[in-house]
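Inspection log for the structure reproduced underneath, given as structure tokens.
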Amino acid sequence: MLIGTQNTLSEVINARGVFTPLGVSRSSKEVCEAVSDALGRHFIMDDLHDAVGREIAEMTNASAATVVHCSAAAITLAVAASMTGSSPGAIKQLPDASGLKSRVILPANHAVNYGHPIEQAIRLAGAKPELVGDNSACGIEDLAHACSKLDACCLVLVSSRLTGGEMLDFRKAVSAAHEHDLPVVIDGAAQDFRIEDLLDTGADVVLISGQKYLAGPTSGLVLGKPDLVSAVRAQEKGIGRGMKASKEVLLGVLTALKLRQQLNKEAWSSDQKEKVARFVSVANTIEGITAKANPDPTNLPFDRVHLCIAKSSEFPDAAQMAAALKAGEPSIWIMDHLTHQSEIVLELVQLTQEEIDTVLDRIREVVSQYQKS
Ligand SMILES: *Cc1c(COP(=O)(O)O)cnc(C)c1O
């Protein structure tokens with residue numbers, strides 16, 4: 001590490017998924033080499049953008065593609081594109097939305113917080129989010145009514161395990177918007193395994209993070225209809241200036257996508273399931289722990305480990321377990337959204353077998369230390 005010895009950084013084992021505060025993912029050697037090679041060269045950036053966009057479109061079966069700084073930026077810029085189209089004057093004017101359609105329809109149970117509220121990514125374009133329905137559900141008729149409003153510029157949907165309540169029928173939602181000629185943007189940041197499904201809904205653009213399971217450099221892929229994609233690209237002469245993709249990012253994410261194309265997804269997915277099954281069977285030998293494998297709620301092709309900790313004064317509760325794992329060296333991070341029901345959740349996708357063994361040892365140690373104290 002290049003950080004001075006006066007600053008010590010913890011070593012981290014990330015069983016929390018593609019989590020931004022932990023540096024999201026680890027890139028392959030090929031991606032690192034592509035990034036490093038690009039950093040040492042000049043390019044005509046417009047030509048590089050066009051070429052990379054065409055290749056990404058071809059690989060993802062999208063009609064068109066471009067890359068921006070990240071998915072949060074992609075949300076802001078897709079909204080901006082739906083407000084301005086390719087009009088240079090309108091692009092220059094943002095985030096002043098005067099005279100432009102600027103109401104963004106968003107199901108209330110899709111108003112996720114991935115580090116900041118998605119509404120803020122929408123407002124950054126100068127738009128006004130309008131939430132439809134409530135935390136438990138969003139009815140298609142209510143959505144259609146909202147989409148009929150004259151100042152609506154787009155419908156934003158989120159495909160993520162972070163959404164709450166009833167699953168929305170995306171195809172029906174897209175049709176409802178299209179009946180009013182309203183473009184539809186799907187934020188599918190962590191769903192690079194499901195690009196085809198998301199494009200199949202008929203959405204105008206699908207937004208995907210290049211750095212989550214794709215394990216490229218931080219980037220936001222914008223995939224979909226050529227007009228909207230070029231209107232996103234055109235925002236670089238406006239509010240998109242600070243959200244642009246740089247040369248090393250374009251070539252790094254292209255390499256990550258090429259590797260994904262070569263991946264045997266079925267074999268990968270069965271390896272992941274096996275990894276989880278092995279973890280579960282060892283974890284079940286730890287006193288006070290009941291482990292099981294749970295599928296991803298949005299159909300990503302892997303399971304997660306749920307560890308249920310016995311509710312008794314003999315065992316640490318789930319929040320204490322999470323804190324003890326984090327406080328150790330290396331610092332182990334798990335998903336702690338279910339600690340209120342005595343569960344911790346681990347995502348093993350990014351872990352090596354050695355890291356998995358360390359995690360299992362630490363869990364056993366935390367339980368036995370608690371019993372001694
Ligand atoms: C991670 C995430 C984002 C933000 O992605 P970045 O590429 O980090 O900007 C947006 N939406 C959802 C649903 C996410 O999971």
Exercise. For every other residue with a beta carbon closer than 13 angstrom to the beta carbon of V104, add +1 if it is Lys or Arg and -1 if Asp or Glu, then tell me the sum.
Key: +1
Quiz item: Mind checking which of A72, A146, A51 has the largest fluctuation in a GNM of the chain, springs on alpha carbons under 10 Å?
Solution: A51
Exercise. Label the range 303-373 by shape, choosing from rounded, prolate and oblate, from the square roots a ≥ b ≥ c of the eigenvalues of the Cα gyration tensor; if a/c is under 1.5 it is rounded, and otherwise prolate applies when a/b is larger than b/c, oblate when it is not.
Key: oblate
Self-check item: Cα shape, the range 1-144, gyration tensor, a/c 1.5 rule
Solution: oblate
Quiz item: So what does E179 come to for accessible area, using a 1.4 Å probe and Å² rounded to 10?
Solution: 150
Exercise. Would you kindly find the accessible area of H145, with a 1.4 Å probe and non-protein molecules such as ligands, DNA and RNA excluded, rounding to the nearest 10 Å²?
Key: 120
Practice problem: Order the peptides 183-193, 5-15 from the highest to the lowest mean number of other Cβ atoms within 10 Å of their residues. | Solution: 183-193, 5-15
Exercise. Assuming R0 = 35 Å, can you tell me the calculated FRET efficiency for the pair D50 and L259, based on Cβ-Cβ distance, to the nearest 0.05?
Key: 0.95
Quiz prompt | Farthest positive-ward along the range 15-169 dipole, Cα basis, beta-carbon charges - from I105, A74, A121 | solution = A121
Practice problem: At 1.4 Å probe size, with no ligands or nucleic acids counted, give the accessible surface of Y114 in Å², nearest ten. | Solution: 70
Quiz prompt | Anisotropy class of the range 79-182 from Cα gyration tensor, a/c 1.5 cut | solution = oblate
Quiz item: Among all the lysines, which ones have a C-alpha under 23 Å from K258's C-alpha, if same-chain residues fewer than 8 places away are not counted?
Solution: K29, K212, K225, K244, K247
Quiz item: What does the charge dipole of the range 1-147 about its Cα centre add up to, to the nearest 20 debye, if the Cβ of each Lys and Arg holds +1 and the Cβ of each Asp and Glu holds -1?
Solution: 320
Practice problem: Please name whichever of N294, V349, P21 sits farthest to the positive end of the charge dipole of the chain, dipole taken about the Cα centre and charges placed at Cβ: Lys and Arg +1, Asp and Glu -1. | Solution: P21
Exercise. Quick one: work out the % antiparallel among DSSP beta bridges in the chain, nearest 5.
Key: 55
Quiz item: What's the local net charge at A152, with K and R +1, D and E -1, over the other residues with C-beta under 9 Å away?
Solution: +1
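The values are calculated or read from the model by the stated rules, or taken from the named source; none is laboratory data. Bear in mind the structure is a predicted one, so any value in this text is a computation, not a measurement. When we count neighbours, we look across all protein chains shown, and the Cβ atoms used for this are built from the backbone with ideal geometry, even at glycine. The accessibility values were calculated without ligands, DNA or RNA, using every heavy atom of the protein model including side chains. Shrake-Rupley method; radii C 1.70, N 1.55, O 1.52, S 1.80 Å.
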